[in-house]
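Heads up, the thing below is written out as structure tokens.
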Amino acid sequence: MTGPLQQVLGKAAEFGGTALAKLQHTHVPGVGQASTTEPREVAAARWRAVTVFRDDLAGPFPELEALGPDLEVRMQPAPGDRGTELSARFHGTPTDEQVGELRAALRRTKQLAEVGEVLRVDPQPHGTRKATLQGAALEGAAARAPKEGVL
Amino acid sequence: MKAAIWAGVNEVAVEEVDEPQLLNDHDVILKISKTVTCGSDLHLIGGYIPAMRAGDVLGHEFTGTVVERGKAVTKVQVGDRVVVPSFIACGHCWYCSQELYSLCDNGNPNPGITEGLWGQSPGGCFGYSHAMGGFAGSHAEYMRVPYADVGCFVVPDAVSDTRALFASDSVTTGWTGAHLGGTKPGDVVAVWGAGAVGQMAARAAILLGAEQVVVIDRLPERLAQVRQHIGAEAVDYSTTDVVAELRERTGGRGPDVCIEAVGMEAHSTGIQGAFDQVKQQLRLQTDRPSAVREAIRACRKGGSVFVLGVFAGPVDKFPLGAAMNKGLTVRGAQQHGQRYVPEILAHMESGALTTEHLATHTMPLSQAAEGYRIFKEKEDGCVRTVFEPGG
Ligand SMILES: NC(=O)c1ccc[n+]([C@@H]2O[C@H](COP(=O)([O-])OP(=O)(O)OC[C@H]3O[C@@H](n4cnc5c(N)ncnc54)[C@H](O)[C@@H]3O)[C@@H](O)[C@H]2O)c1
Ligand SMILES: [Zn+2]
Ligand SMILES: [Zn+2]
């Protein structure tokens, strides 16, 4: 990516990722976190949780361990036979990137425990990807999507 | 291989693309025999759902033959002739255990987009934008199907491809609305929209025991199909006050179950027709819920309104007061196909459910752009255009 057009498209992709983050965090202090109203440190300190549909869920969870020693993990039975609530949070105030990695790792851990595989989508067939601003922004958003959301 | 792609707003093209590969152990690759246009594609093609990338392969209603399978696939065999629901479900999460397959926790690898929009992410869907997972669709010679043991259903020998094809999306969607809308024997059911989805909702309601079923549309050829092939009553909303007509036909009560099968581009008098006015870009307020409003008004007290038509964002002037004071149940869903396909194939085999009349146009995949144009314009009585990649 060097030419001027590439640079503009690169910016658009970056914008797509950021726009996605903003969609769920309209207050600037919450960007990358899961709250529109809380101060950044409060939102960042929340437990992120997935409910895994297994009542025999047990570690180790390599996807979570890979995030380093600052991560605290807990499990508890979910009500109504819905399996096990698996939660994790960082000590201190994590960066937006760390929270994103945590979301993605929790989602992968859940899939491995429930299905035994992490669903992939790339590479796959596609036609001509026209170099448009909107397209590049969307690619940025899609690339960022596994790490985003309200989790 | 050849595939029909979204090339930009209101632009469909056929291009040479790479063949799909097995990416997960639970995948199969299908050789597509038939694949068909759906009203949902029109929302995508018209740019109402802005998560399409130029080059994305379209299509989510299809039949095919298994040509390759991943090493964890156990039920489906190479050579099986199968039909596959359009929503991608893992079969193992809590939602799948509740048979709410389109809500699968694991079927969408891009959950951040829909979580951001809606607070939670539903499952993924073939050929339905990066918001729904970014999976390549079925308008191609070959296609990858993840979670194959959950999604692939073997078609009985006595059922033709043309009949089975619609068990992928239109019939399963109609079934979802009629069943989860709570249709009971003796009920009166009204359906807005006489496209394939609305017709199949009406047929499902009849098969679930409804005593009287009324379908509402304005296109004469579709209303004629409702009478001839579905066995339901038909009302033309362009010449009739629908709410008054339904009240009169139901002894003043209103229908017990109202199913909306129109969607975000609903046409209404006074506004330009939905297909004349294709917007270039989704603005979240542009979903047009005119049929939903009418359904809420017409529904009997304590009845249920089921939204099958696709909406993406907030809508204006939603009659919450009527819904609350009349004690209505308002529900919606993307189709939970995996729950209903076995029952649907059995009805197809017995002859109680026929769908061939929906396939008004059949053409080779190379003519996809023309096929979509005819479908969108409702030209020549088009209800669905079927593409044959081998044709
Ligand atoms: N929930 C799901 O899983 C699911 C699956 C497939 C399709 N859909 C949606 O269902 C809807 C219908 O799909 P289709 O393939 O039958 O579409 P279609 O475009 O073939 O048919 C829609 C019909 O609605 C009629 N219509 C328009 N405005 C109306 C109004 N105000 N009152 C009554 N009828 C009106 C049109 O004349 C047309 O016949 C679409 O929104 C589609 O996206 C949902
Ligand atoms: Zn569809
Ligand atoms: Zn699932």
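The values are calculated or read from the model by the stated rules, or taken from the named source; none is laboratory data. Bear in mind that the values here come from a model prediction, so they are computed numbers and not experimental data. With ideal geometry, Cβ positions are generated from the backbone for all residues, glycine too; neighbour counts draw on all protein chains shown. Calculation scope for accessible area: heavy atoms of the full protein, side chains included, ligands and nucleic acids excluded. Shrake-Rupley method; radii C 1.70, N 1.55, O 1.52, S 1.80 Å.
Listed values, structure above:
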item	result
Restricting region B:60-96 to residues that are within 25 Å of the chain's Cα centre (by Cα) and free of Cβ contacts under 8 Å to residues at least 40 places away in the same chain, the residue that is nearest to residue B:390 (Cα to Cα)	B:65
Conditions (1) at the interface with chain A (Cβ under 9 Å from one of its Cβ atoms); (2) in contact with a Ser or Thr (Cβ under 9 Å, 6 or more places away or on another chain): number failed by residue B:97	(2)
Enumeration of residues in region B:108-140 that are more than 7 Å from chain A (Cβ to nearest Cβ) and within 16 Å of residue A:103 (Cα to Cα)	B:108, B:114, B:120
Matching option when the condition is over 29 Å from residue B:130 (Cα atoms), more than 9 Å from chain B (Cβ to nearest Cβ) and not in a loop (DSSP other than H, G, I, E, B), among A:73, A:99	A:73
Meets criteria (at pLDDT below 95, in contact with a Leu (Cβ under 9 Å, 6 or more places away or on another chain) and more than 16 Å from ligand 2 (Cβ to nearest atom)) for residue B:53	yes
Region A:85-109: number of residues that are surrounded by fewer than 21 Cβ atoms within 10 Å (Cβ to Cβ), touching a helix residue (DSSP H, G or I) at 6+ places or on another chain (Cβ under 8 Å) and among the β-branched types (Val, Ile, Thr)	1
Matching residues, region B:88-114, being within 16 Å of ligand 2 (Cβ to nearest atom) and either open to solvent by 10 Å² or more (accessible area, probe 1.4 Å) or not assigned by TED's automatic domain parsing to the domain that holds residue B:30 (or both)	B:101
Odd one out for residue B:57 among (1) under 19 Å from the mean Cα position of the chain (by Cα); (2) more than 7 Å from every other protein chain (Cβ to nearest Cβ); (3) more than 16 Å from ligand 3 (Cβ to nearest atom)	(2)
Hits in region B:70-94 (condition: within 12 Å of chain A (Cβ to nearest Cβ) and more than 17 Å from residue B:173 (Cβ to Cβ))	B:70, B:71, B:72, B:73, B:90, B:91, B:92, B:93, B:94
Some residue of region B:216-226 being farther than 21 Å from residue B:375 by Cα and open to solvent by 50 Å² or more (accessible area, probe 1.4 Å)	no
Test: residue in region B:140-149 that is hydrophobic (A, V, I, L, M, F, W, C) and under 23 Å from residue A:78 (Cα atoms)	no
Hits in region A:110-143 - residues which are of a type in the set (D, E, K, R), within 7 Å of another protein chain (Cβ to nearest Cβ) and without any contact (Cβ under 8 Å) to a residue 60 or more places away in the chain	A:117, A:120, A:129, A:130
Flag if residue B:79 is more than 16 Å from ligand 3 (Cβ to nearest atom), under 21 Å from residue B:134 (Cα atoms) and of a type outside the set (D, E, K, R)	no
Leading residue by the ranking (nearest to ligand 3 (Cβ to nearest atom)) among those in region B:39-54 that are away from chain A (no Cβ under 13 Å) and of a type in the set (Gly, Ala, Ser)	B:40
Qualifying strands (runs of 3 or more DSSP E) (wholly inside region B:291-391; at least 3 residues being surrounded by fewer than 20 Cβ atoms within 10 Å (Cβ to Cβ))	B:329-332, B:361-364
Verdict on residue B:155 being under 27 Å from residue B:74 (Cα atoms), of a type in the set (A, V, I, L, M) and away from ligand 2 (no atom under 12 Å from the Cβ)	yes
Wholly within region B:179-290, helices (runs of 4 or more DSSP H) carrying at least 1 residues that are within 24 Å of residue B:86 (Cβ to Cβ), within 16 Å of ligand 2 (Cβ to nearest atom) and at pLDDT 95 or above	B:196-207
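Here's the yes/no breakdown for (1) in contact with a Gly (Cβ under 9 Å, 6 or more places away or on another chain); (2) within 27 Å of residue B:27 (Cβ to Cβ):
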site: A:85; (1), (2): no, no
site: A:91; (1), (2): no, no
site: A:103; (1), (2): yes, yes
site: A:110; (1), (2): no, yes
site: A:118; (1), (2): no, yes
site: A:122; (1), (2): yes, yes
site: A:136; (1), (2): yes, no
site: A:141; (1), (2): yes, yes
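Conditions tested, residue by residue: (1) in contact with a Leu (Cβ under 6 Å, 6 or more places away or on another chain); (2) closer than 28 Å to residue B:74 by Cα.
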position: B:1; (1), (2): no, yes
position: B:4; (1), (2): yes, no
position: B:8; (1), (2): no, no
position: B:22; (1), (2): no, yes
position: B:26; (1), (2): no, yes
position: B:29; (1), (2): no, yes
position: B:33; (1), (2): no, yes
